[in-house]
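Working notes, structure below.
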Protein chains: 2
Amino acid sequence: MKARVYVSMKPTVLDPQGQTICSALNHMGHKEIASVRQGKYFEIGVAEGTAPDAATRVLDEIARDVLSNPVIEDYRVEILD
Amino acid sequence: MKARVYVSMKPTVLDPQGQTICSALNHMGHKEIASVRQGKYFEIGVAEGTAPDAATRVLDEIARDVLSNPVIEDYRVEILD
């Protein structure tokens with residue numbers, strides 16, 4: 001089983017890295033880019049034989065406790081097949 | 001218009017950061033995690049009034065030339081609404 005976890009800054013948190021990329025793109029002539037926010041992305045392989053509901057629970061726990069900082073970041077877990 | 005760009009290492013490229021996260025998760029008791037690969041994720045806001053096909057072309061160009069290193073990384077562009 002495969003899963004994807006997306007971690008991004010909460011909308012209220014400043015993202016200077018994203019702003020820098022946005023400003024660089026505008027200077028390179030891509031004036032149509034209005035905003036950029038950078039996040040992290042994890043592709044996780046879960047061992048065969050793990051029950052789907054157990055996997056969902058474990059992945060949610062891992063995303064919350066290990067992969068993201070819930071004070072400033074949001075996460076989203078997507079289970080594939 | 002919003003878009004998301006996902007950048008991840010090509011499958012043949014080693015990802016020591018992902019391996020470290022995987023091994024840390026296993027040591028923390030999450031034995032069901034078989035593999036982890038880390039990537040980057042960008043949420044991009046495109047200015048109102050940009051034609052969808054022009055936006056798709058520009059985002060593909062940006063993903064290829066700026067946000068990823070095509071020698072070792074793959075990218076995926078997802079257009080929302």
In vacuum, with every alpha carbon of segment A:1-67 counted as one equal point scatterer, what does the Debye formula give for log10 I(q)/I(0) at q = 0.20, 0.21 Å⁻¹? Two decimals, please. -0.82, -0.86
The chain A residue whose Cβ lies closest to the rotation axis carrying chain A onto chain B, with that distance rounded to whole Å, is A:41, 2
Ascending list, in nanometres, of distances separating the residue A:48 label from those of the other copies (7 Å, Cα toward Cβ): 5.3
Need one value for A:44-56: mean number of C-beta atoms belonging to other chains within 10 Å of its residues' C-beta atoms. 3
7 Å along Cα→Cβ for the label point: how many nanometres lie between residue A:2 and each equivalent label in the other copies, listed shortest first? 2.4
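Compute for chains A and B the buried accessible surface, both sides summed, probe 1.4 Å, and express it in Å² to the nearest 100.
Working: alone 5750 and 5750 Å², together 8780 Å².
So the buried area, both faces added, is about 2700 Å².
I'd like to compare A:20-31, B:53-64: which one has the highest average count of other Cβ atoms within 10 Å, and what's the full order after that?
Values: A:20-31: 14.2, B:53-64: 16.4.
Listed from highest to lowest mean packing, they are B:53-64, A:20-31.
Using a 1.4 Å probe, what is the accessible area per residue for the protein assembly as shown, in Å²? Could you put the intermediate results ahead of the total?
Details: 8780 Å² over 162 residues.
That works out to 54 Å² per residue.
Give me the net charge of residue A:6's neighbourhood, meaning all other residues with Cβ under 9 Å from the Cβ of residue A:6; Lys, Arg count +1, Asp, Glu -1. Mind dumping the intermediate values first?
Numbers: positive: A:4, A:40, A:76, B:4; negative: A:74, A:78.
After counting each charged neighbour, the total is +2.
Please compute the contact order of chain A in relative form: average sequence separation of alpha-carbon pairs under 8 Å and at least six residues apart, divided by the residue count, as a percent. If you can, show how the numbers build up before the last one.
Working: 103 pairs, mean separation 42.3, N = 81.
52 percent.
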In whole percent, and with a 1.4 Å probe on the protein chains, what portion of the accessible area of the protein assembly as shown is carbon and sulfur? 56 percent
29 Å Cα-Cα reach of residue A:31 towards lysines, excluding residues that sit fewer than 8 places from it in its own chain: A:10, A:40, B:2, B:40
Shielding by partners - mean other protein chain Cβ count within 10 Å, residues of A:24-35: 5
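Please compute the average number of Cβ atoms from other chains found within 10 Å of each residue's Cβ in peptide A:7-18. Before the final figure, lay out the partial values.
Working: counts 1, 4, 1, 0, 1, 0, 0, 0, 1, 0, 0, 3.
Whole-number average of other-chain Cβ neighbours for A:7-18 is 1.
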Non-local amide H neighbours of residue B:34 (under 5 Å, H modeled in plane, Pro and chain starts lacking H): which ones? A:45, A:46, A:47
Net charge contributed by nearby residues that have their C-beta within less than 15 Å of residue A:18 (K/R +1, D/E -1): +2
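The values are calculated or read from the model by the stated rules, or taken from the named source; none is laboratory data. Since the structure is predicted, the reported quantities are computational estimates derived from the model, not experimental observations. When we count neighbours, we look across all protein chains shown, and the Cβ atoms used for this are built from the backbone with ideal geometry, even at glycine. Each accessible area value is taken on the protein alone, full model and side chains, heavy atoms only, with ligands, DNA and RNA left out. Shrake-Rupley method; radii C 1.70, N 1.55, O 1.52, S 1.80 Å.
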